[in-house]
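Beneath this line is the structure, given in C-alpha cells, with notes to follow.
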Amino acid sequence: MTSAAGQEWWRSAVVYQVYPRSFADSNGDGIGDLPGLVGRLDYLHRLGVDVVWLSPVFASPQDDNGYDISDYYAIDPVFGTLDDLDRLIDGLHRRGMKLMLDMVVNHTSDEHPWFVEARDPASPKRDWYWWRPPAADGGPPYNWASVFSGSAWTLDERSGEYYLHLYGAKQPDLNWENPEVRQAMQAMMRWWADRGVDGFRLDAINLIAKADEFADGPPMPGSPYGIPWDLVAYGPRLDQFLAELHREVGFTERKLITVGETAGVTIEQARRLTDPARGELGMVFTFDHLDLDQKAVGAKWGLADVELPVLKRAFARWQDGLADVGWNSLYWNNHDQPRVVSRFGDDSAEHRVASAKTLATVLHLHQGTPYVYQGEELGMTNTAYTEIGHYRDLESLNYYRNGLGLGLPEEQLLRALAARSRDNARAPMHWDDTAQAGFTEGTPWIDVNPNHTLINAAAAEADPDSVFHHYRRLIKLRHAEPVIVHGRFELLLPDHDQLWVFTRSLDHDRLLVLANCSSAPALLPAGELPELAGATTLISTHGEPSGGELRPWESTVLRLRT
C-alpha cells in the first residue's frame, strides 16, 4: 500500500472478497467459517492483496446466506465467534492487510428484535420499518416487485398491514426516515470501527432513501408486478443520510475504506456520492457492464451476446465520467455474479488460462480500485449445475418457480441459471485436487465444481505461468506504478471487435495496454496505434509481443518511449 498514510490510501489498494460460507471450512460441517479463513491468510498475503472484504458473518437465520441480519453485534455460530473475528483482524493487521465488513443496512431479518417488536402497531419501533394497509381488494398496497421475485409487500397477520421488503420476505426494509434508525446504524458501525475494522461495503445503500410518496409502477412484461425504481432508490434524502453516516461514524478521521452497492447508479449520481468534498462514500459499485448480457423475458433473466465495443464503451464512460471527481471501483466478479471467465472470456481448456489473465489485465489497468473475488485469481469457471436440486440460492430458486408459473420451459430456465445464477460464484473455493477441493473434510453445503482437480490453488501456486501468478504480478505492478493509480485514461480503437486498447498517462509516463479479447488471432492495425519502437514490456500473458499480431487472448502492457 504505497499511500496508506493518506486519507484515500485505498486508491492504490487491491481488495479481495471472501464469501465465508464457501471459502474454507475448519470443522468439517461443510460450511466455511472464520477459523478457516484465518488459516488461509498467508495465501492472501502471497497474492499481495491489501484489503479483505468479508461478506456477512453476523447472526442470521441464513435465509439469504447472511444478508438477513438478526443481530449486528454478534457472529453467527455457523461462522464462529467474536473472538474468531478478533483473531482475523489481528492476523490481517500483522500481515499489513485490512478488513472491510459487508454491512447490510437497508433491511434486517424479520427475526431481528427490532422487527419482532415492530409487528406490534403500538410499539415505538413500529415506524422503524415500512407499513401500509391493504389495497381495496385486500391485496398488497402497491404492485412493487421484490428483487427475488414476487411481491415486495407481505401481509403481517397480527396487525393486518403489509410490510415492505425489496428483497426476500424475511428481509423487511428499514425506514431510514426515522432518525432513531439512522442513529442505531451509526452507533453500530462505530462499535465495529472501534474494534479494529478498517471499512465497510454498504449493501444496497442506494435503497435506504425512498420517495416521499408511494404509487404503483408500470407492470413488467408477463408479470403483474412492477419496479418503480424512482420510488424505491436514490430518494431525495440519500445524500443527507450518507453525509450524516460519514460524519457520525468518522469515515475520514478513521481513514476507512467505504464502497456502496448502487445498482442503477448514473455517472452524475456517482460523481456526487464519491466526491471527496461532499463527504459521503469513497466509491460505489456500478453495474452498467454487467447489464449488457441480459434481456428481460418475463421470468427475469434472458441471455444476450455482448459485443466487445459495447463492453469497452461501458467502462470508458465511467473512466471519463469520474476522471476529475470521485473514484471508480473495478470488478468482474462478486458473490452475486457468475464467473467472468465463463461470462466474458473463454472457459474452454484451450483458452481459459489466457482469457482469465487478459480479463484481469484489462480490469486492473483501468483507473480505480480493483476487486478480486475468491477463486477469480485461479480462473475458476461457472459450475454448470444441470438440475434445480443443485441450487441453494434464494434468488435462483424463486426465479425457477416463477418461471415455471409463467409457463416457461424448464430447459430454458436451467440454461439461464447455469449462466447467471449466483451459485456459480458461491460453489466452494478450490484449494487442491482432493475429493472436496480441500474446502472441507465433510459434505459441502453446495456441490464442488468437478473441474477442481485441474483448477485449484495448490496447482496454481506451483505453476509460475498460472492465472494466480499473473494476478500477483498485476497487483505488484499497481503498487509500484503511480501511473496505474493516478494516470489519465484514453480508449483507443473503440469500434474494434477484438482488440481492447487504451493508454494511461501521468506527466511524461505513458502506458499502452494491448489486449486481444477473442479466441482468434488479431492484427494490430497499422498506423492507428502509438509508436511501439523502444517500448518496454511491463507484463504480458504470452511473453514478448510477436510483431503485428496478438494471439488469442494475448495481452501486454507496454511503457512507451517518450
| message | Among the residues in segment 171-186, are any closer than 30 Å to Gly407 by Cα, outside the structural domain of Leu85 (by TED's automatic domain parsing) and either touching a Phe, Trp or Tyr at 6+ places or on another chain (Cβ under 9 Å) or in a loop (DSSP other than H, G, I, E, B) (or both)? | response | yes
| Does Gly368 count as within 18 Å of His335 (Cβ to Cβ), of a type in the set (Gly, Ala, Ser), out of contact with any Phe, Trp or Tyr (no Cβ under 6 Å at 6 or more places or on another chain) and in contact (Cβ under 8 Å) with a residue 40 or more places away in the chain? | no
| request: Could you run through segment 421-447 and say how many residues are more than 15 Å from Leu378 (Cα to Cα) and free of Cβ contacts under 8 Å to residues at least 60 places away in the same chain? | output: 4
| request: Tell me which of these Ala193 doesn't satisfy, since it passes every other one: (1) in a loop (DSSP other than H, G, I, E, B); (2) buried (at least 16 other Cβ atoms within 10 Å of the Cβ); (3) not acidic (Asp, Glu). | output: (1)
| task | Kindly indicate which of Glu261, Glu280 is in the same structural domain as Pro221 (by TED's automatic domain parsing), farther than 15 Å from Ala314 by Cα and touching a strand residue (DSSP E or B) at 6+ places or on another chain (Cβ under 8 Å). | result | Glu261
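The rows are residues; the columns are (1) at pLDDT below 90; (2) surrounded by 14 or more Cβ atoms within 10 Å (Cβ to Cβ); (3) in a loop (DSSP other than H, G, I, E, B); (4) outside the structural domain of Tyr67 (by TED's automatic domain parsing).
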site: Val297; (1), (2), (3), (4): yes, yes, yes, no
site: Lys300; (1), (2), (3), (4): yes, yes, yes, no
site: Asp305; (1), (2), (3), (4): yes, no, yes, no
site: Arg313; (1), (2), (3), (4): no, yes, no, no
site: Gln319; (1), (2), (3), (4): no, yes, no, no
site: Ala349; (1), (2), (3), (4): no, no, yes, no
| said: Just checking, does segment 270-279 include any residue being touching a His at 6+ places or on another chain (Cβ under 8 Å) and free of Cβ contacts under 8 Å to residues at least 40 places away in the same chain? | reply: yes
| Just to be sure, is Trp553 in contact with a Gly (Cβ under 8 Å, 6 or more places away or on another chain) and aromatic (Phe, Trp, Tyr)? | yes
| Residue identified as at pLDDT 95 or above and acidic (Asp, Glu) among Glu395, Glu377, Glu387 | Glu377
| task | Inspect all residues belonging to segment 476-487 and state whether any of them is hydrophobic (A, V, I, L, M, F, W, C), out of contact with any Pro (no Cβ under 7 Å at 6 or more places or on another chain) and within 21 Å of Gly375 (Cα to Cα). | result | yes
| note | Considering only helices (runs of 4 or more DSSP H) wholly within segment 228-288, the ones with at least 2 residues that are closer than 17 Å to Asp102 by Cα are 238-249
| task | Specify the residue that is farthest from Tyr167 (Cα to Cα); the eligible residues are those in segment 74-108 that are under 21 Å from the mean Cα position of the chain (by Cα) and in a loop (DSSP other than H, G, I, E, B). | result | Met97
| message | Which count do you get for residues in segment 462-482 that are aliphatic (A, V, I, L, M) and crowded, with 21+ Cβ neighbours inside 10 Å? | response | 3
| message | Can you go through Thr434, Thr383, Thr361, Thr443 and tell me which one is under 20 Å from the mean Cα position of the chain (by Cα) and not in a helix (DSSP H, G or I)? | response | Thr383
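The values are calculated or read from the model by the stated rules, or taken from the named source; none is laboratory data. Just so it is clear, the structure is predicted and the values come from calculations on it, not from any experiment. We place every Cβ from the backbone using ideal geometry, glycine too, and count neighbours over all the protein chains shown.
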